[in-house]
1. Where does the charge balance sit around V43 when Lys and Arg score +1, Asp and Glu -1, over other residues with C-beta under 10 Å from its C-beta?
2. Let a ≥ b ≥ c be the square roots of the eigenvalues of the Cα gyration tensor of region 33-74; is it rounded (a/c under 1.5), or, if not, prolate (a/b larger than b/c) or oblate?
3. For region 51-161, what relative contact order do you get, as a whole percent, if you take Cα pairs closer than 8 Å and at least 6 residues apart?
4. Give the ranking of K81, K67 by solvent-accessible surface, highest area first, calculated with a 1.4 Å probe.
5. Over the Cα atoms of region 122-161, each weighted equally, I'd like the Debye log10 I(q)/I(0) at q = 0.18, 0.20, 0.22, 0.26 Å⁻¹, rounded to two decimals.
6. For region 85-102, what does the Karplus curve 6.51 cos²θ - 1.76 cosθ + 1.60, with θ = phi - 60°, yield as ³J(HN,Hα) per residue in whole Hz, taken in order and with x for Gly and Pro?
7. Can you compute the FRET efficiency between V77 and Q132 using 1/(1 + (r/R0)^6), with r the Cβ-Cβ distance and R0 = 25 Å? Round to the nearest 0.05.
8. Just check region 63-161 against the gyration tensor rule for me: Cα atoms, a ≥ b ≥ c as the square roots of the eigenvalues, rounded for a/c under 1.5, and otherwise prolate or oblate depending on whether a/b exceeds b/c.
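The values are calculated or read from the model by the stated rules, or taken from the named source; none is laboratory data. Just so it is clear, the structure is predicted and the values come from calculations on it, not from any experiment. Cβ placement follows ideal geometry from the backbone for every residue including glycine, while neighbour counts extend to all protein chains displayed. In case anyone asks, the SASA skips ligands and DNA or RNA and just uses the protein heavy atoms, side chains included. Shrake-Rupley method; radii C 1.70, N 1.55, O 1.52, S 1.80 Å.
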Amino acid sequence: MGEVDQGWTIAKYLLTHEREMIGGMGRTAAGQKTLAQLAVDAVGLEHGRLADSMLRSQVARWDLDAKAFELTAERVVDEAKAGQGVGAASAMLKYYGTELNKRRYELLMALNGSDAMVWEGEAWNDGDLPRQWLRTKGNSIEGGTSEIQLNVIAKNILGLG
């Protein structure tokens, strides 16, 4: 597969696609309730706003960051379609997507309070939430750790030496 002595070039190309896929975890899937909807379900509304002001601020910040991430991912896709390739931008998408996903699950755990750690029972979807929360930690390791992604971003996007 490929030319002799080009293995690392091919491996980096494959890592680019792996990072893009992993980075997509920061996005809310179609048909999935938004974090804001889940917060309303858990905490309720007061005067038309989320009842917990601290949580309201955190959810709003997450929503803004998620939208910025979505728009950035769309821009990278458009650039790739235009023949510019993805390259080091995959590191940026992987890093921010996994960090965003970790923050989402941290907020979901907070929304559910002590019930968030229930590992068994049909009412708790057999511990899906705490398992997914723990899984987000692994997402920041696979495909290259967050620290490696930051190094790639620093060298290849920001031009730091």
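1. Taking every other residue near V43 into account, the sum is -2.
2. Working: a/c = 3.33, a/b = 2.24, b/c = 1.48.
Prolate shape, in that a/c is at least 1.5 and a/b is the bigger ratio.
3. Across region 51-161, relative contact order equals 27 percent.
4. These residues rank, largest area first, as K81, K67.
5. After summing over all Cα pairs, the log10 values are -0.60, -0.65, -0.71, -0.81.
6. Residue by residue, region 85-102 yields x, 9, x, 5, 4, 4, 5, 5, 5, 5, 4, 5, x, 6, 5, 5, 5, 4 Hz.
7. 0.45
8. Prolate, since a/c reaches 1.5 and a/b exceeds b/c.
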